[in-house]
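*Asks:* Structure in structure tokens, see below.
The values are calculated or read from the model by the stated rules, or taken from the named source; none is laboratory data. Model, not experiment: these values are computed from the prediction.
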């Protein structure tokens with residue numbers, strides 16, 4: 001699935017937000033087992049806003065899945081409102097990070113790889129090969145792997161020529 005530039009930015013923002021949320025929970029977990037409702041409300045708002053930009057991307061946030069139902073002996077805590085289990089929230093954050101990471105990797109969203117539109121390539125199979133190899137050429141350039149760059153660039157030129165020849169296949173076959 002291709003994403004718009006706005007969606008890509010939202011995915012990157014989401015990855016950062018969830019990473020920071022996870023770090024905060026890990027810090028809190030050293031001192032306590034539960035968090036208050038205000039922490040949960042911020043994460044819920046984030047999920048709702050995120051899913052308005054990219055519909056159904058992250059699983060809806062159901063607060064009751066994380067409620068701490070263990071009995072409390074501190075009457076002050078009971079009066080102040082519901083509490084939510086940090087461990088369950090950490091698992092949710094890790095899961096959300098995984099979803100975001102997979103999408104970022106699948107779309108090969110990287111500042112190192114310039115976006116190039118190959119929609120002018122007529123043959124879909126050839127276009128897929130060109131797009132894949134173009135991504136790898138840029139990855140190899142980034143790490144200065146020159147031999148693969150040369151081989152892949154040669155393959156890209158071949159694929160571009162092949163697509164041109166397939167457009168005028170009969171003329172290409174009849175030429176000497």
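*Asks:* Do we find a residue being in a helix (DSSP H, G or I) and modelled with pLDDT under 85 anywhere in the stretch 111-134? Talk me through it step by step, then tell me what you get.
*Replies:* Taking the stretch 111-134 first, the residues in a helix (DSSP H, G or I) are 124-134.
Cutting the leftovers down to modelled with pLDDT under 85 gives us none.
Looking for residues that are in a helix (DSSP H, G or I) and modelled with pLDDT under 85, one finds none in the stretch 111-134, hence no.
*Asks:* Counting only residues that are modelled with pLDDT of 85 or more, give me the helices (runs of 4 or more DSSP H) lying completely in the stretch 1-106 with at least 2 of them.
*Replies:* Correct list: 5-29, 37-53, 86-106.
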